[in-house]
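Dropping the structure in here first, questions after.
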């Protein structure tokens with residue numbers, strides 16, 4: 001069965017510093033991978049996704065992620081963090097099966113705190 | 001930009017009562033989903049719905065749960081007899097094919 005591991009529960013960075021959030025997946029086939037962000041009390045907003053092709057994908061808000069098949073990883077990065085990036089970040093993989101259902105399997109999330 | 005909407009934003013109910021959570025998916029989307037997130041835990045898949053029927057469901061989605069698309073726009077999740085452990089944030093999502101867009105969620109509190 002597919003699974004997603006986000007090894008860091010909580011990360012604190014200074015504003016302006018670079019950021020990397022780790023994500024490892026377990027999935028037998030070629031994965032569809034996503035990063036979502038959840039601000040306090042809010043829903044899930046899609047940051048970026050990877051389906052195929054270029055392994056470095058760009059997303060909204062200056063985020064990018066790199067798919068590395070050999071490491072089963074899809075780490076999220078941002079070169080310079082802003083205070084408004086403080087939120088919880090979820091990595092997810094599509095566990096699609098028959099009938100075109102594309103249900104997501106989520107990691108447990110990484111909470112990002114930003115120090116001014 | 002079209003959005004998934006959900007009502008109510010917060011629902012408080014007594015244990016054993018029925019609740020209906022409502023969602024309006026994005027209009028041209030074909031697949032609909034419900035997920036839940038218990039406080040402090042990860043988001044978990046409940047059920048997917050396509051072509052007016054359930055296409056996949058998780059082990060969480062037992063006989064106490066049901067989904068319906070009563071008209072061309074709404075998508076509902078019913079919990080027949082709520083338990084304390086049903087307290088969670090419930091998210092609706094929809095997608096045209098392979099990228100899901102989530103609503104803001106309904107926080108369900110069972111007392």
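Where a number appears in this text, it was derived from the coordinates with a stated rule and is not lab data. This one's a predicted model, so the numbers in the text were calculated from it and none came from an experiment. Because the Cβ atoms are built from the backbone with ideal geometry, glycine has one as well, and the counts that use them run over all protein chains shown.
Ranked by Cβ crowding within 10 angstrom, fewest neighbours first, how are B:24, A:37 ordered?
The most exposed by this proxy come first: B:24, A:37.
For the pair residue A:20 and residue A:72, how long in nm is the line joining their label points, each one 7 Å along Cα→Cβ?
The modelled label-to-label distance comes out at 2.0 nm.
What does the structure give for A:36-48 when I average, per residue, the other chain Cβ atoms found within 10 Å of the residue Cβ?
4
Another question about this same structure. Between residue B:41 and residue B:53, what is the spin-label point distance in nm, taking each point 7 Å from the Cα along the Cα→C-beta axis?
It is 3.0 nm.
What FRET efficiency comes out for the pair residue A:5/residue A:30, r = Cβ-Cβ distance, R0 = 22 Å, nearest 0.05?
For residue A:5 and residue A:30, the calculated efficiency is 0.75.
Kirkwood Rh over Cα pairs of the stretch A:3-115 into Stokes-Einstein at 10 °C, 1.306 mPa s: D in µm²/s?
It comes out at roughly 112 µm²/s.
Taking the Cα atoms of the protein assembly as shown alone, what are Rg (to one decimal) and Dmax (as a whole number) in Å?
Over the protein assembly as shown's Cα set, Rg and Dmax evaluate to 17.6, 51 Å.
Ok, one more. If each residue's Cβ is checked for other Cβ atoms within 10 Å, how do A:60, B:26 rank with the fewest at the top?
In order of increasing Cβ crowding within 10 Å: A:60, B:26.
Next question, about the same structure. Taking the square root of 5 times each eigenvalue of the Cα gyration tensor, what semi-axes in Å does the equivalent ellipsoid of the stretch A:1-66 have, largest first?
Ellipsoid half-lengths, sorted descending, are 21, 15, 13 Å.
If you don't mind, there's one more thing I want to ask. What order do you get for B:33, A:32 when you list them from fewest to most C-beta neighbours inside 10 Å?
Lowest to highest Cβ neighbour count: A:32, B:33.
Extending each Cα 7 Å along its Cβ direction at residue B:13 and residue B:78, get the distance between those two points in nm, one decimal.
Reported label-point gap for residue B:13 and residue B:78 is 1.1 nm.
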